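Step one of this worksheet: look at the structure below.
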Amino acid sequence: PQSYALEQNYPNPFNPSTTINFSIPKTGIVNVSVYNSIGQLVKVLANNNYTPGTYKITWDGLNNEGNEVASGVYFYRLVAGGYVKTMKMLLLK
């Protein structure tokens with residue numbers, strides 16, 4: 001990839017899981033996290049060193065404690081190499 005990219009999750013709305021695609025052009029630490037509508041951290045999906053490439057991460061609608069989260073709007077954020085992007089997704093049960 002020539003640049004950092006965070007794509008819209010699919011399916012959206014989703015139940016019970018959704019896939020998030022992202023691309024990174026340089027090796028480095030990548031963090032992908034999910035937040036609720038009031039900005040609280042719900043789930044860390046990735047916090048590792050990644051090499052350049054395109055990746056898929058699946059979120060199963062569980063929080064960091066392994067509990068199902070409620071229906072509603074959630075935000076997912078990619079932080080990598082000075083790039084930050086946040087996007088919205090909808091969980092419907």
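Would you kindly derive the ³J(HN,Hα) couplings of region 64-81 from the backbone phi angles with the Karplus curve 6.51 cos²θ - 1.76 cosθ + 1.60 (θ = phi - 60°), listing them in order in whole Hz, with x for Gly and Pro?
5, 8, x, 9, 5, 8, 6, 4, x, 8, 10, 10, 10, 10, 9, 10, 7, x
Name the long-range amide H neighbours of ALA46: under 5 Å, sequence gap of 5 or more, or other chain; modelled H, no Pro or chain starts.
HN-HN under 5 Å from ALA46: VAL32.
Consider the candidate values (i) 81; (ii) 116; (iii) 93; state which one is volume of the Cα convex hull per residue in Å³ computed from the structure displayed.
Among (i) 81; (ii) 116; (iii) 93, the one calculated here is (i).
Within the chain, how many Lys pairs that are eight or more residues apart, or on different chains, come under 19 Å at the alpha-carbon?
Details: LYS26/LYS56; LYS26/LYS85; LYS43/LYS56; LYS43/LYS85; LYS43/LYS88; LYS43/LYS93; LYS56/LYS85; LYS56/LYS88.
Here the count comes out as 8.
Label 7 Å along Cα→Cβ of LEU90; region 41-72 residues with amide nitrogen under 17 Å?
Under cut-off, by backbone N: 70-72.
Roughly how many percent of the accessible protein surface of the chain is carbon and sulfur, given a 1.4 Å probe and a whole-percent answer?
Details: 2590 of 5130 Å².
Result for the chain: 50 percent of the exposed heavy-atom area is carbon or sulfur.
The values are calculated or read from the model by the stated rules, or taken from the named source; none is laboratory data. Keep in mind that what you see is a predicted model, and the values were worked out from it rather than measured. Note that we place each Cβ from the backbone using ideal geometry, even for glycine, and neighbour counts take in every protein chain shown. These accessible areas exclude ligands, DNA and RNA; they are computed on the full protein's heavy atoms, side chains included. Shrake-Rupley method; radii C 1.70, N 1.55, O 1.52, S 1.80 Å.
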